[in-house]
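Engineer: Have a look at this one before I ask anything.
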Amino acid sequence: MFCPAPHRKRLLHLFTKHFCEHPLLPDRHGKNRTAEEIRADAVFEMYHFCKQRGLREVWGYMWTSWYSPKKWALWARSTCKYLCRLRTTMTVENFWRFLKHETLHHLLHPRLDQLVWLLVTEVSPRFDAKMRKFDDTYRPGRSRELTPFQKAFKANWQKL
């Protein structure tokens, strides 16, 4: 068996812990670590976990698919200087909900060419415009657009 059942829960917990670590977040001892320190500690911890339990195949898989330097940069939060509060699943689910209810609401089973056309002509430009607002060069010399919370707060303040 690749990974025996008694080790799976602890392995998943360890992997999730490594995913969530970030240089802006202090560890349990209150110390902030650099991205390189986080990666080195995570690799050592996973290697030590697998070695203690005799899980050579699991370590080989974890190294080649997740913990090698090239793969680490693709999934670990610590590689990005900003702390994203969104998780990948939440973002993907939101995208599909938007696509289904806003763009494909009138189509039951669209053909592939029709779906690609809608993605290119309707969805992509909408998301591109939305992402431009997050760019630092958007509206140079002017303040950023208010967030929905700020707009609601301002409206309630003006009602007073």
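Engineer: Scan region 31-58 for residues that are within 25 Å of Pro6 (Cα to Cα) and open to solvent by less than 50 Å² (accessible area, probe 1.4 Å) and jot them down.
Structural biologist: Ala42, Val43, Met46, Phe49, Cys50, Leu55, Val58
Engineer: Which residue out of Leu74, Leu25, Leu86 is aliphatic (A, V, I, L, M), surrounded by 12 or more Cβ atoms within 10 Å (Cβ to Cβ) and at pLDDT below 95?
Structural biologist: After ruling out the rest, the residue left standing is Leu25.
Engineer: Let me ask something additional. Quick one: Trp63 ticks every box in (1) over 15 Å from Val43 (Cβ atoms); (2) open to solvent by 80 Å² or more (accessible area, probe 1.4 Å) except a single one, so which number is it?
Structural biologist: The number of the failed condition is (1).
Engineer: Something else: Under 9 Å between Cβ atoms, which residue pairs at least 6 apart in sequence (or on different chains) link something in region 18-43 that is closer than 16 Å to Leu74 by Cα and in contact (Cβ under 8 Å) with a residue 24 or more places away in the chain with a partner that is of a type in the set (Asp, Glu) and open to solvent by 40 Å² or more (accessible area, probe 1.4 Å)?
Structural biologist: Close Cβ pairs (under 9 Å, with a partner that is of a type in the set (Asp, Glu) and open to solvent by 40 Å² or more (accessible area, probe 1.4 Å)) amount to His18/Asp41; His18/Glu45; Glu21/Asp27; Glu21/Asp41; Ile38/Asp27.
Engineer: Pairs needed: first member in region 90-109, open to solvent by 90 Å² or more (accessible area, probe 1.4 Å); second member anywhere, charged (D, E, K, R) and at pLDDT 85 or above; C-beta distance under 9 Å; at least 6 residues apart or different chains.
Structural biologist: Close Cβ pairs satisfying both conditions: Glu102/Glu122; Glu102/Arg126.
Engineer: Follow-up question, since we're still on this one. Where the second residue is modelled with pLDDT under 90 and the first is open to solvent by 100 Å² or more (accessible area, probe 1.4 Å) and lies in region 113-136, which pairs have Cβ atoms under 7 Å and are six or more apart or on separate chains?
Structural biologist: That search, which allows pairs on different chains as well, returns Arg132/Tyr138.
The values are calculated or read from the model by the stated rules, or taken from the named source; none is laboratory data. Because the structure is a prediction, the values reported are computed rather than measured. Note that each Cβ is placed from the backbone with ideal geometry, even for glycine, and that neighbours are counted across all protein chains shown. The area values use the complete protein model at the heavy-atom level, side chains included, leaving out ligands, DNA and RNA. Shrake-Rupley method; radii C 1.70, N 1.55, O 1.52, S 1.80 Å.
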